[in-house]
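> Pasting a structure below so you can have a look.
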Amino acid sequence: SRPCVQSSRRLRAGNMWSQDWSNIYDMMIPFPDKANIDVTDTMVAKNWNVTYMFRESERFFTSLGLIPMPQEFWDYSMLEKPKDGREVVCHASAWDFRNRKDFRIKQCTTVTMEQLVTVHHEMGHVEYYLQYKDLPVSFRGGANPGFHEAVGDVMALSVSTPEHLAKIGLLENAMGDNETDINYLLKMALEKIAFLPFGYLIDQWRWGVFSGRTSPKNYNYEWWYLRTKYQGICPPLPRDETNFDPGAKYHIPAVTPYIRYFVSFILQFQFHKALCNASQHQGPLHKCDIY
């Protein structure tokens, strides 16, 4: 049998599903004496709030000649978790109400660098909506679902660079010595490379269920078989068919196809390279900021 890493370590320090390991970056920084490229503490120290995060994201898009958010966006979006006790689904999402003017984001935003990247991702969806809002309804959609996700993420590739963080006042020194570059590239790998096996296996599991190959009594077994096969992790506690661990991932009960995210994690780097070429960027791709 294949050895695996118990996912409890990921649960304590990383991502709940082990799909993104960037939250354990501080435990494994190759060169800890270099500038911290996770700027969460700086955002808090500079009194950033949720509205400012969305306004900063809007400035990024308008710097590229794209469309400012309509007033309805600011009036009707849910950018923070309601404080009146309402129960809401906090999973971040962007919405097109198909009337050419009402576009919203629903997100329980907190002031962190990770959430700043998510803000740009969700606003990227809205910018895509705005580009095709005047087309017939049947044409208001991405070229494929992976394109839509990649459009959001490609902006975040610029936003997370030390060069961009310095431009918006969140990093004092963006000097790109080799050690700082290695720190940054490791953090990127913990997010982007670690995701690929997870992004691949979700719909492997779903397709098995839909085809009938995976019977209800094997739902949880198949889930952990794929998690171990592709990610090399196993559950921290014994699991059996009285558990339904796939349901803990929002996209499973929400019936949201997931292969789009796997595709987008490839496309976004192709998009990024094309945009950097168009901006006449000189130098390594990981230093490109199209802002």
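The values are calculated or read from the model by the stated rules, or taken from the named source; none is laboratory data. On a predicted model such as this, the values are computed, not experimentally measured, just so you know. Neighbour counts are summed over all protein chains in view; Cβ atoms, including those assigned to glycine, are modelled from backbone coordinates with ideal geometry. The accessibility values were calculated without ligands, DNA or RNA, using every heavy atom of the protein model including side chains. Shrake-Rupley method; radii C 1.70, N 1.55, O 1.52, S 1.80 Å.
> Take the stretch 210-241 and flag every residue that is of a type in the set (A, V, I, L, M, F, W, C), buried (at least 18 other Cβ atoms within 10 Å of the Cβ) and in a helix (DSSP H, G or I).
Listed by number, the residues that qualify are Trp223, Trp224, Leu226.
> Separate question: Mind checking which residues of the stretch 86-110 are part of a loop (DSSP other than H, G, I, E, B) and either in contact with a His (Cβ under 8 Å, 6 or more places away or on another chain) or within 24 Å of Pro253 (Cα to Cα) (or both)?
Listed by number, the residues that qualify are Arg86, Glu87, Val88, Val89, Cys90, His91, Ala92, Phe97, Gln107, Cys108, Thr109.
> Now, a different point. Cβ-Cβ below 9 Å, separation at least six or inter-chain, first residue in the stretch 68-86 and free of Cβ contacts under 8 Å to residues at least 12 places away in the same chain, second assigned to a loop (DSSP other than H, G, I, E, B) and open to solvent by less than 100 Å² (accessible area, probe 1.4 Å): which pairs?
Pro82/Val88; Pro82/Cys108
> Looking at the structure I just gave you, is Pro257 open to solvent by less than 50 Å² (accessible area, probe 1.4 Å), in a loop (DSSP other than H, G, I, E, B) and in contact (Cβ under 8 Å) with a residue 12 or more places away in the chain?
No; evaluated as a whole, the condition is false for this residue.
> Within the stretch 160-172, can one find any residue that is of a type in the set (Lys, Arg) and either open to solvent by less than 40 Å² (accessible area, probe 1.4 Å) or not in a loop (DSSP other than H, G, I, E, B) (or both)?
Yes - at least one qualifying residue is present in the stretch 160-172.
> Tell me yes or no: at least one residue of the stretch 140-151 is surrounded by fewer than 23 Cβ atoms within 10 Å (Cβ to Cβ), without any contact (Cβ under 8 Å) to a residue 60 or more places away in the chain and part of a helix (DSSP H, G or I).
No: zero hits.
> Answer with yes or no whether Ala156 is part of a helix (DSSP H, G or I) and touching a His at 6+ places or on another chain (Cβ under 7 Å).
So Ala156 fits the description; yes.
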